[in-house]
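The values are calculated or read from the model by the stated rules, or taken from the named source; none is laboratory data. Everything numeric in this text was worked out from a predicted model, so none of it was measured. Cβ placement follows ideal geometry from the backbone for every residue including glycine, while neighbour counts extend to all protein chains displayed. These area figures cover heavy atoms from the full protein model, side chains too; ligands, DNA and RNA do not enter into them. Shrake-Rupley method; radii C 1.70, N 1.55, O 1.52, S 1.80 Å.
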Amino acid sequence: MILEYKRASNENVINQGLFYLDWLMDHRKDFQWLVMEKLGKAAADGVDWSAPRLICIAGDFNRYDDHAVKQIQRNIELIRYRRFGPELLMLDLVAATSTKGTMVETKGGLSDGSAGSGNKYKTIGTVLQELDPGMLDRFEALRAFMMALGDDVQETKLRFYIAFKRIKNFACVEFRPTTGKILVFVKVDPSTVQIEPGFTRDVSDLGHFGTGDLEITLSKAEDLDRAKPLIELSYGAS
């Protein structure tokens with residue numbers, strides 16, 4: 001993810017951001033080595049290169065900026081900021097475009113940058129075709145709830161999961177068709193909630209595709225009502 005910031009408006013924030021994003025993608029090996037040296041191999045392997053994002057923050061944007069990002073096949077978000085006194089800052093999503101996650105070439109072959117990626121994992125498109133009507137109904141109810149949380153919610157289908165985000169991901173959804181389970185990973189500190197076996201699980205030390213340390217399992221329709229407060233917490237913090 002590239003974050004480009006300008007204090008005022010109309011200062012080539014989009015053009016400069018795209019330049020830095022392309023430079024990063026061209027030098028991703030150097031970046032991975034730097035991350036590995038500073039944070040270790042696990043952190044370097046965990047960098048997701050499948051859907052690079054450009055977030056442009058400025059005092060304002062015009063209609064030409066809005067039109068321009070819609071013509072560019074990249075994940076780009078334009079965010080307007082407003083200051084209210086010395087302590088309050090508002091971030092307002094002006095426009096956003098998204099593309100599907102793509103595979104990138106790495107030394108060991110193709111990878112989407114997610115934990116445990118490889119040919120043995122089915123893509124999200126294949127998994128969705130395997131869902132029975134009950135799972136589809138549960139997912140549509142889940143999706144409708146999350147999209148209704150705010151006008152700034154975006155849904156992005158990556159290779160192995162579906163991400164729901166504002167400025168950052170607040171929920172990532174995976175499916176287990178053979179067991180009829182929908183897994184929702186949210187950014188809620190597991191130590192702050194009561195873990196319920198079979199419903200919630202601390203995955204902070206476990207590898208998984210989606211972001212978030214708390215796993216919620218939706219096995220039946222009623223589980224969504226139990227999950228809503230946790231999803232709302234993650235949405236509010238993203």
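Brief remarks on what is shown
- Residue list for the range 73-95, filter: open to solvent by less than 50 Å² (accessible area, probe 1.4 Å) and either over 21 Å from G236 (Cβ atoms) or not in a strand (DSSP E or B) (or both): N75, I76, L78, G85, A95
- Tally of residues being open to solvent by less than 10 Å² (accessible area, probe 1.4 Å) and of a type in the set (S, T, Y) across the range 157-186: 1
- Here is the figure for the range 9-19: residues that are at pLDDT 65 or above and either part of a loop (DSSP other than H, G, I, E, B) or aromatic (F, W, Y) (or both) total 2.
- Residues that are without any contact (Cβ under 8 Å) to a residue 24 or more places away in the chain and either small (G, A, S) or within 19 Å of F160 (Cα to Cα) (or both), drawn from the range 29-53: G40, A42, A43, A44
- Qualifying residue in the range 49-56 (condition: within 18 Å of the chain's Cα centre (by Cα), open to solvent by less than 80 Å² (accessible area, probe 1.4 Å) and of a type in the set (G, A, S)): yes
- Looking only at residues of the range 137-154 that are assigned to a helix (DSSP H, G or I) and in contact with a Lys or Arg (Cβ under 9 Å, 6 or more places away or on another chain), we find that the one that is surrounded by the fewest Cβ atoms within 10 Å (Cβ to Cβ) is F145.
- Looking across the range 222-238 at every residue that is exposed (fewer than 12 other Cβ atoms within 10 Å of the Cβ) and under 25 Å from T178 (Cα atoms), the one that is nearest to the chain's Cα centre (by Cα) is identified as D225.
- Some residue of the range 20-28 being in contact (Cβ under 8 Å) with a residue 40 or more places away in the chain, in a helix (DSSP H, G or I) and more than 25 Å from K157 (Cβ to Cβ): no
- Here the range 201-219 is the region considered, the condition is being closer than 29 Å to I55 by Cβ and hydrophobic (A, V, I, L, M, F, W, C), and the residue that is surrounded by the fewest Cβ atoms within 10 Å (Cβ to Cβ) is L206.
Residues are listed down the side, and each one gets a yes or a no for (1) touching a Phe, Trp or Tyr at 6+ places or on another chain (Cβ under 9 Å); (2) touching a residue at least 40 places away in the same chain (Cβ under 8 Å); (3) under 21 Å from F145 (Cβ atoms):
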| site | (1), (2), (3) |
| --- | --- |
| P197 | no, no, no |
| G212 | yes, yes, yes |
| E215 | yes, no, yes |
| E222 | no, no, yes |
| K228 | yes, yes, yes |
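- Residue in the range 187-200 that is open to solvent by 80 Å² or more (accessible area, probe 1.4 Å), at pLDDT below 90 and under 30 Å from C56 (Cβ atoms) present: no
- Being farther than 24 Å from C172 by Cα and at pLDDT 70 or above is not true of L54.
- Looking only at residues in the range 29-64 that are in contact with a helix residue (DSSP H, G or I) (Cβ under 6 Å, 6 or more places away or on another chain) and in a helix (DSSP H, G or I), the one that is farthest from Q154 (Cα to Cα) is M36.
- Filter pass, I2 being open to solvent by less than 60 Å² (accessible area, probe 1.4 Å), of a type outside the set (S, T, N, Q) and modelled with pLDDT of 80 or more: no
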